[in-house]
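Derivation of every value follows stated rules applied to the coordinates shown; laboratory data play no part. This is a predicted model, so every value here is computed, not measured. Ideal geometry is used to build each Cβ from the backbone, glycine not excepted, and the neighbour counts take in all protein chains shown.
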Amino acid sequence: MAHCLEYLDSLPSFQRYKNLILEAMNPQPGQVTADLGCGLGFDVLRLARLVGPQGRAIGVDASLTLLQLARLPSHDSTAVEFVNTDIQKLPFQDGSLHSCKVDRTLQHVERPASVLHEMFRTVRSGGVVVCAEPDWGTFTIDHENRAMVRQIAEFWEESFRNPWMGRQVNNGLREAGFLDIQVQGALLIAPSWEASDKVFDIVQTAVRLAETTRNEEPLQWLSQARERDAVRPVWSSVTLFLNVARRP
Ligand SMILES: C[S@@+](CC[C@H](N)C(=O)[O-])C[C@H]1O[C@@H](n2cnc3c(N)ncnc32)[C@H](O)[C@@H]1O
């Protein structure tokens, strides 16, 4: 997970949507902001630079292992704080945050509505929240074997707790009480076979599909796709739904 998150952060399409998130949050010096499900904390450091030494950027994650890695590069920033807890119940006072974001994490949690409710409770009136979630119903692989691509994509989609979070989060924000909800799409692109495997775990998915269906075809497809990639890149993508909303 740590290697994957580090690699993702370096991809141009990821950097583009990360910049969109920061622009929408627009954190000002001295403000308090939080990143829910912060992983390795790259965005927490970016937020800390924007709120400055008088502000606070808080990263929250359930994985102690990831937070220990996140803490390493941030020891010299007084604005950074990491909290190891479940984002479905936040240890923050009502209205204590100026802004808050959750990025590719609602897709994993048991009760996404509880996270949105906690965001509503902890962000102050007028504060901005941003939710960026993929919708695995939009996963594509550029390979001519459409039947196999569909099978692999569906198998991968079903490995997520909330695979359609992308399309669902807009109504979730409305139901939590947020206003002025604006949605836009961002395409997350893995530009080659190697990148597709690192980002979307295609090899393991095909291997697991072969084991589950007791069918060799996914394994044969793997070697065809590798050969195809040498002459014409096998690239893949998913659409990320980026919702920006305001607390009334
Ligand atoms: C796909 S990673 C995204 C990390 C980060 N937001 C980024 O953009 O790189 C999902 C993260 O959510 C965390 N996570 C999943 N469920 C969680 C929960 N219920 N409470 C807190 N963190 C959670 C995982 O530990 C992981 O770090």
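Things to note:
- Placing +1 on the Cβ of every Lys and Arg and -1 on the Cβ of every Asp and Glu, with nothing else charged, gives region 1-140 a dipole about its Cα centre of roughly 260 debye.
- Of His143, Leu179, Ile58, farthest towards positive along the dipole that unit charges on Lys, Arg, Asp, Glu beta carbons give the chain: Leu179
- The lysines within cross-link reach of Lys89, meaning a Cα-to-Cα straight distance under 24 Å and a gap of 8 or more places when in the same chain, are Lys101.
- With 0.36 nm allotted per residue and the present C-alpha distance subtracted, the Asn26-Ser159 stretch has 44.5 nm of extension available.
- Region 1-110 - percent relative contact order, Cα under 8 Å, separation 6 or more: 28 percent
- Cα convex hull of region 119-177, projected area averaged across orientations, nm²: 5.1 nm²
- When the Cα positions of Phe92, Leu72, Leu45 are compared along the charge dipole of region 30-113, Leu45 comes out farthest toward the positive end, with charges on each C-beta of Lys, Arg, Asp and Glu.
- Centre-to-centre, using Cα atoms only, region 211-234 and region 122-174 are separated by 24 Å.
- If you plug the beta carbon distance of Arg111 and Glu211 into 1/(1 + (r/R0)^6) with R0 = 35 Å, you get a FRET efficiency near 0.70.
- Cα-based Kirkwood hydrodynamic radius, the chain, one decimal, Å: 18.9 Å
- This ranking places Trp235, Trp221 by how few other beta-carbon atoms lie within 10 Å of each, fewest first, which gives Trp235, Trp221.
- Net lengthening on full extension, Arg174/Asn84 (0.36 nm per residue, minus Cα-Cα): 29.6 nm
- Packing-based exposure ordering (other Cβ within 10 Å, fewest first) of Tyr17, Tyr7: Tyr7, Tyr17
- Peptide ranges 58-69, 222-233, 38-49 listed from the most packed, as the mean C-beta count within 10 angstrom indicates: 38-49, 58-69, 222-233
- Distance-filtered residues of region 190-211 - backbone nitrogen under 19 Å, label point 7 angstrom along His3 Cα→Cβ: 190-208
- Our summary gives region 77-225 a relative contact order of 21 percent, counting only alpha carbon pairs under 8 angstrom and 6 or more residues apart.
- The antiparallel fraction among DSSP beta bridges confined to the chain stands at about 50%.
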